[in-house]
Amino acid sequence: MKYYVTTAIDYVNAQPHLGHAYEKVLADVLARQARLTYGPVNVRFQGGTDEHGVKNYRAAREAGQEPGPFTAANSERFLALRESLGVSWDDFIKTTDQKRHWPAAQELWRRLEQNGDLEKRTYQGYYCVGCESFKTEKEIENGHCIFHPTRELELLEEENWFFRLSKYQGWLQDHFRENPDFVQPAFRAREILNVIEGGLEDVSFSRAKEKLPWGVPVPGDDSQVMYVWCDALTNYISAVGFPDEEKLAEWWRPEAAVTHVIGKDIVRFHAALWPAMLRSAGLPLPDHVFVHGFINLGGEKLSKSAGLSLDPFDLAGTYGADALRYFLLSQIGVGQDGEFSVERFEAVYAADLANNLGNLVQRVATLAERGGLSGREAKEPSLEPELVLERKDFRAALQSIWQVFDATNTKIELEKPWELKDSDPERYERVLGECADSILVGAASLRPFLPETAERIEAVFTAPKVAAPSEPLFPRLDR
Ligand SMILES: [Zn+2]
């Protein structure tokens with residue numbers, strides 16, 4: 001079984017915010033769980049950055065820089081999530097990569113054109129630079145894009161290449177009916193199917209080079225650069241070898257499981273446009289498009305364009321990567337939006353991490369050390385991988401893992417092992433051994449979610465002699 005999971009490639013016009021971090025952590029849990037379930041060699045986890053387009057070009061110009069060095073520097077900030085948040089990407093593709101990415105984007109273009117799906121037309125419409133797409137009436141509210149209420153829409157008229165998405169409406173409807181879990185969660189699948197049934201418009205695929213020189217050249221048309229989807233979406237296959245079909249087939253074939261993890265603002269492009277492009281090019285489709293919501297801060301979408309930002313690097317540096325991962329994974333339902341505030345984050349940290357898990361590990365390890373308890377065998381996880389890999393209900397998964405820790409806490413309270421050390425040393429050792437074993441089961445289940453914490457707990461209880469950690473797993477917050 002081959003398992004290939006991707007995060008969206010982000011625009012590098014600004015620094016990563018908490019919403020970016022959230023997506024990477026969600027996908028990372030899938031990748032880590034898949035490595036445990038199918039074996040690391042059968043799993044590939046990929047991220048990247050989308051470095052072309054008007055937004056990046058303008059942001060570079062506004063910063064007084066050439067787009068190349070500007071986007072390269074910002075791309076590094078996204079890649080830094082690997083270190084800061086434990087996002088275990090196996091590969092990271094940049095759309096400016098002329099060796100790995102450009103030949104794929106251009107070959108895909110040629111195939112769409114050969115199949116009669118690209119057409120040059122004059123077009124006039126309202127363009128949202130935030131979305132990098134023309135907006136239909138339904139997507140405009142009070143004169144603004146519904147996703148970018150603070151950005152001005154631009155009225156554009158020019159000659160562009162268009163992809164004939166409308167041609168694929170019937171085929172897409174059939175695909176959704178035959179594959180009810182193509183888009184997850186189910187409410188998102190219904191939503192996008194409604195959009196498809198309402199009629200699909202053709203999609204602008206290029207821009208005049210004189211207006212935007214920063215992009216992949218359109219094959220056979222010197223006046224145009226790709227803009228933006230044939231460049232961006234292609235990252236999912238360029239990094240795994242396309243147009244080399246043999247290389248591609250290792251990860252991108254009907255028998256492999258392919259999951260794209262994306263935000264709700266780009267569902268239409270991943271769930272309608274991308275499958276139609278692949279179909280046109282005669283390539284297999286991904287199995288799942290897993291759609292997450294936005295992180296809200298005071299009721300607003302967390303993004304630079306709305307003037308709100310909370311730095312994931314600062315949060316991970318202050319509280320620990322696993323603490324931030326825990327909050328993001330345990331507090332937001334599948335596909336829902338989440339609320340973030342420092343108050344709420346600190347409350348969850350204190351209750352679940354410092355007082356519950358951290359305290360439990362410290363207490364059991366201290367008592368075990370006092371009794372000279374030998375290390376135990378590492379345990380198998382009790383968590384069903386299906387809950388993670390199929391249902392993707394990380395909140396429910398963490399709740400079930402915390403039930404193991406709660407039960408162990410209760411057992412300690414009932415058995416009061418500290419009263420047994422001298423009166424019944426045999427029972428003392430048995431009770432602490434059982435507690436250590438349950439904690440190890442919980443820690444094993446925790447590996448995909450809080451990798452560093454799981455490793456630290458397993459190190460404590462599998463050492464030749466159990467010893468309490470010198471530093472608590474989750475130090476209490478100074479008030
Ligand atoms: Zn927009």
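Each of Gly53, His144, Tyr326 was placed along the dipole of the chain (beta-carbon charges, centred on the mean Cα), and the one lying farthest toward the positive end is Tyr326. Taking the Cα atoms of the stretch 1-125, the ratio Rg/Rh between the radius of gyration and the Kirkwood radius comes to 1.05. Counting only Cβ charges, +1 for Lys and Arg and -1 for Asp and Glu, the dipole size of the chain around its Cα centre is about 140 debye. Computed from Cα atoms alone, the Kirkwood hydrodynamic radius reported for the stretch 314-388 is 15.0 Å.
Taken over the alpha carbons of the stretch 180-312 as equal point scatterers, the Debye sum produces base-10 log I(q)/I(0) values at 0.09, 0.14 Å⁻¹ of -0.35, -0.83.
If the segment from Glu159 to Arg110 were pulled out straight at 0.36 nm per residue, it would be longer than the present Cα-Cα gap by 15.8 nm. All Cα-Cα distances of the stretch 370-479, cut into 5 Å bins from zero to the largest, leave 2, 11, 19, 21, 20, 13, 8, 4, 1, 0 percent in each bin in turn.
Report the FRET efficiency, 1/(1 + (r/R0)^6), for Tyr123 and Leu387, where r is their Cβ-Cβ distance and R0 is 35 Å, rounded to 0.05.
Efficiency computed from Cβ-Cβ geometry: 0.15.
Modelled spin labels at Val195 and Ala396, positioned 7 Å past Cα toward Cβ, are 2.6 nm from each other. With respect to the chain, whose longest principal axis is taken over its alpha-carbon atoms, helix 169-178 is tilted by about 20°. Considering every alpha-carbon pair of the stretch 188-236, the percent of pairs per 10 Å bin, from zero through the bin containing the longest distance, is 25, 34, 25, 16, 0. Counted residue by residue at 0.36 nm each, then reduced by the alpha carbon distance between them, the extension gain from Lys247 to Gln169 reaches 25.0 nm. If the Kirkwood radius is taken over C-alpha pairs of the stretch 303-435, then at 37 °C and 0.692 mPa s the Stokes-Einstein diffusion coefficient equals 188 µm²/s. Each label was represented as a point 7 Å from its Cα along the Cα-to-Cβ direction; for Gln336 and Arg58 these points are 3.5 nm apart. How are the C-alpha pair distances of the stretch 95-156 spread across 5 Å bins, as whole percents from the shortest bin up? Spelled out bin by bin, the stretch 95-156 gives 4, 16, 17, 12, 14, 17, 15, 5, 0 percent.
If R0 is 45 Å, what FRET efficiency do you get for Lys264 and Asp422 from their C-beta distance, rounded to 0.05? Efficiency, rounded to the nearest 0.05: 0.15. Model label sites at Asp311 and Gln98, defined 7 Å from Cα along the beta-carbon direction, differ in position by 3.5 nm. Gain on full extension, evaluated as 0.36 nm per residue between Asp437 and Ser374 minus their Cα-Cα distance, stands at 21.5 nm.
Can you compute the helix-only [θ] at 222 nm over the chain? Use -39500 (n - 2.57) per DSSP H run of at least 4 residues, normalise by all residues, nearest 500 deg cm²/dmol.
Details: 19 runs with 204 residues, N = 479.
For the chain, the value works out to -13000 deg cm²/dmol.
From the largest down, the chain spans 89, 47, 39 angstrom on the principal axes of its Cα atoms.
Quick note: the coordinates plus some simple rules give every number you see, no bench work behind them. Nothing here was measured: the structure is a model prediction, and the numbers come from that model. Please note: Cβ atoms are built from the backbone with ideal geometry, for glycine as well, and neighbour counts cover all protein chains shown.
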